[in-house]
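Chemist: Before I ask anything, let me first share the structure, which is written out below as C-alpha cells.
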Amino acid sequence: MPTLDQSLLKTDIGHLRIVAEFWGLELESTDVDSAREELCASLLDLEAVSETLDVLPADARSALNLLITAEGKMEWAVFSRKYGEIREMGAGKRDRERPYLKPASTAEFLFYRALIGKAFFESEKGSQEFAYIPEDLLEIINEASADDIPPAPSVEALGRLATPVEKAFETPATDFVLDDATTYLAALRIGHESKARFQRDLPALLTTAGIIKNDGLLPEAVKKFLEVSRPEALDMLYKAWLNSATFDELRLIPSILCEGEWKNQPQMTREFLMNLISDLPAGKWWSLPAFVKAVKEKFPDFQRPAGDYDSWFIKRASDGQFLRGFAYWDAVDGALIKYVIYILHLLGKVSLAAPEEGKEATAFKVASKVKEPALSNSKGQKSNDLRPLTFDSKLVVSSNGRITIPRSFSRAVRYQLSRFCEWDEPKGDDFFYRVTAESLKRAAEQGLKAEQLLAMLVKYTKEAVPPATVKALKRWDANGAEARVESLLVLRVSKPEIMEEMRRSRAGKYFGEMLSPTAVIVKGGAIQKVLAELAELGLLAEVKE
C-alpha cells in the first residue's frame, strides 16, 4: 500500500494545511514538497496518533477498525456503502465551500485528516478501487491502539439453522441427473422431441464435461460417461462444473436475461461461494434466506468487480424490467447464490427443503464435504446422504412389446435400447419404452436392425423375452411391416343398387377399395367432390366424424 507521503503526493498546499489544522499543527514550510515532508514527519508520531485516535467520533473509529481488521484496505464499493463517499472537487471549490468543516460522510471526515486514502490496486478481480490506511501510518495506529482494535474475525458459518417450517418438506440429494443425462443424450442421438424438455443447466453441464459440443455428441466421451459407475459419472460432472471457467451460472438463471458484451468471472465467483458453503456444518439443515441475507451483509460484491451494479445489462425475464443498481441485488446476486445451491443439489451434494411440496426451497443441507469426491459402497452407491436406490436391476419385456428399465440398470444399455423404441413417460424409478413399426423403421434409417434389438433383449433379460416379441422382431427383419393401421373415409349407402349407380357416375373416379356391396373407401381429399356428385344424383349424404 502507499505510504503517507505517497498518498499526499498529488495534493496542493491548501489540502496539507487543512490536514495539519485537524491534527493541531501549523506548517512553517511554504512550498508544497517541503510542507508535505514536514506534515508527514509530524503525523507519523506515536503520541500525535494516540491523541488523534482518542478524539475520533465512534463512526470514524469504527471505520478505521474495519480497515485494520481487513489488513489496512478494503474495496471502495464495500467501504463506501457503509461509510459514505468523498465529494470530488478542485482546490478553488474546496476553499470556497470548505466541505471539511461539514463532512458529508465518515469517509470524508477521515480523508481530510489523512487517515484514509483512495486508490486503484490490482486484485484477483483486476484493477479495483480501494479505501486504505497509508502503510506507515497503519503501523503506528496499530501500535497506538493495540488494545482497542478487535481481532480479525474468525471463519464462521453465515446465517443460521433452518426453522421447522423452512425444512418441513424435504427433497433429498440424488444422482438422478445421470438418468436425465442419459435420456438427453439419447434424444440428441435420434432427434427425439424430449430433448426440449430439459432446462439449460443439463446441456451446459454435459458441454462443460466434454460429453457434447454444439448440441452434438462426442462419441468416445459419451461411451465413457455411460459405462462408468454412477459415483464416477456423477463425480465427472461435479469436477467439470467445479473447475469450469466457462459454465456461467448467472446466464443460466431462469428468472433473468443477460444481454450485451460485458463479462463476469463465473469460476472465481463459484470458488468464493463454495468456500462459504464448505464452512457450513455438514448434515445440518440451514436456512437459505438467512444464508443469502448474510452474504449480502458481509460480502455484497462477491461477483461484482469494483462493486459495479450498473454496467451489466440484466433484465427480469417475466416483464423485461432492467435490473440495474444495488437495489436489485436480491433479484440478481441473491438469485445466483440460490442457483449455485440448486446446481449442488442437481449434482447430489445438497438436499433441499421447503415449507410444503411445490414451494421454493427455504432450507438446504450439505450432504457431504462439497469439495471432496463422493465415495461409493460395494453396490456402487454413494455413501453420503444420497437417496438410496433399490438394486433389483431387472429389465422386463412384455408380450405387447413394452420394455421396463429400472433406474439402477445400466445407463449404456438404456441409451442403446431407446434408439429402437418409442418413449413413454417414466414413472417413479422406472423408464418405459415400446417397440413399434415406426420405431423400428426409424432405427433402420440409422443402420440398426431388429435382430440387434432382439439380441440385446435376450442378453439383458437372461432369455426371458416373450415368444410373441421374438416372433414379431424376426418377422420384421424378414418382411417389414405386415399390418397397417390407418384412418380412412368410408362411404356407406343403404342399398347395393345405389352404390352401382354412384360407381357409374363421375363420383366413381374418387372411390378406392370396395369394402362391401354397400361400402367403399373415398380417396383422401375428395369427400367434398363426392358429396357434390351425390347431390347431382339427388342423394344427400350425412357426414359423421
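The values are calculated or read from the model by the stated rules, or taken from the named source; none is laboratory data. Given the structure is predicted, the values throughout are model-derived calculations rather than measurements. Don't worry about glycine lacking a Cβ; one is built from the backbone with ideal geometry, like all the others, and counts go over all protein chains shown.
Chemist: What residue, of E271, E261, E297, is at pLDDT below 95 and assigned to a loop (DSSP other than H, G, I, E, B)?
Modeler: Numbers: E271 fails: assigned to a loop (DSSP other than H, G, I, E, B); E297 fails: assigned to a loop (DSSP other than H, G, I, E, B).
Being at pLDDT below 95 and assigned to a loop (DSSP other than H, G, I, E, B) holds for just one of E271, E261, E297, which is E261.
Chemist: Of all residues in region 427-467 being free of Cβ contacts under 8 Å to residues at least 12 places away in the same chain and under 28 Å from F176 (Cβ atoms), which is farthest from the chain's Cα centre (by Cα)?
Modeler: For region 427-467, the residue satisfying everything is K462.
Chemist: Can you tell me which residue is nearest to F364 (Cα to Cα) among those in region 303-318 that are crowded, with 17+ Cβ neighbours inside 10 Å and out of contact with any strand residue (DSSP E or B) (no Cβ under 8 Å at 6 or more places or on another chain)?
Modeler: The qualifying residue nearest to F364 (Cα to Cα) is Q303.
Chemist: So, S244, is that one under 23 Å from F409 (Cα atoms) and assigned by TED's automatic domain parsing to the domain that holds D180 or not?
Modeler: no
Chemist: Right, another one. Out of the residues in region 1-16 that are buried (at least 16 other Cβ atoms within 10 Å of the Cβ) and without any contact (Cβ under 8 Å) to a residue 24 or more places away in the chain, state the one that is farthest from E129 (Cα to Cα).
Modeler: Filtering first and then ranking leaves I13.
Chemist: State the number of residues belonging to region 103-144 that are surrounded by 15 or more Cβ atoms within 10 Å (Cβ to Cβ) and at positive phi.
Modeler: Result for region 103-144: 1.
Chemist: If I ask for residues that are in contact with a helix residue (DSSP H, G or I) (Cβ under 7 Å, 6 or more places away or on another chain) and β-branched (V, I, T), which ones from region 491-515 would you list?
Modeler: V493
Chemist: Which number in (1) of a type outside the set (F, W, Y); (2) buried (at least 17 other Cβ atoms within 10 Å of the Cβ); (3) in contact with a Ser or Thr (Cβ under 9 Å, 6 or more places away or on another chain) marks the one condition that K82 misses?
Modeler: Result: K82 passes all but (2).
Chemist: Conditions: (1) more than 23 Å from F121 (Cα to Cα); (2) in contact (Cβ under 8 Å) with a residue 40 or more places away in the chain. N65 meets all but one. Number of the miss?
Modeler: Of everything listed in (1) more than 23 Å from F121 (Cα to Cα); (2) in contact (Cβ under 8 Å) with a residue 40 or more places away in the chain, N65 misses just condition (1).
Chemist: Separate question: Return the residue satisfying two criteria in turn: it lies in region 78-118 and is within 40 Å of the chain's Cα centre (by Cα) and of a type in the set (S, T, Y), and of such residues it is nearest to W23 (Cα to Cα).
Modeler: T106
Chemist: Residue pairs, Cβ under 6 Å, 6 or more apart or interchain, first in region 82-94 and closer than 22 Å to D301 by Cα, second surrounded by 17 or more Cβ atoms within 10 Å (Cβ to Cβ) and β-branched (V, I, T). List them.
Modeler: Qualifying pairs under 6 Å: Y83/T106; G84/T106.
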